[in-house]
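Asker: Here it is, the structure, as C-alpha cells.
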Amino acid sequence: MKNTEQEELVAEMGAAYLCYLTGIQSATIDNSAAYINSWIGKFKEDKKMLLTASSMAQKAVDYILEHRTEPDGLASLQRFGELAKAD
C-alpha cells in the first residue's frame, strides 16, 4: 500500500471514530462506510492492513482528544454534533 493511500484510509477511519464520539455519525456514516468498503479487496490481499490502519486511526484520535484546548473538549464536540444534527 502506498503511503498516501494508507494516510487516506487512516484519516477516514479516524474521522469516522471522531464523528461517532461526537454524535454526528449520521451525517457522514454513509460516505465513510462506502469509502472504507472500497478497501475490502485490499484488506483481503493484506490481512494486517485493516488492523494496522485502525490502530493508527485510534492513535490519531487519542492524540486529538488528548490535545484538545478545552478541558471538556469531548463534551464540546458532542454539543457541536448535536448542532450539526439540528441543521
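Asker: Just name the residue that is surrounded by the most Cβ atoms within 10 Å (Cβ to Cβ) out of those in segment 51-69 that are at pLDDT 90 or above, within 19 Å of Leu18 (Cβ to Cβ) and aliphatic (A, V, I, L, M).
Answerer: That would be Ala53.
Asker: Test each condition in (1) in contact (Cβ under 8 Å) with a residue 12 or more places away in the chain; (2) in a loop (DSSP other than H, G, I, E, B); (3) not β-branched (Val, Ile, Thr) for Gln6 and report the one that comes out false.
Answerer: The one condition Gln6 does not meet is (2).
The values are calculated or read from the model by the stated rules, or taken from the named source; none is laboratory data. The shown structure was predicted, so the numbers you read here are calculated from the model rather than taken from an experiment. A quick note on method: Cβ atoms are made from the backbone with ideal geometry, for glycine too, and the neighbour counts reach across all protein chains shown.
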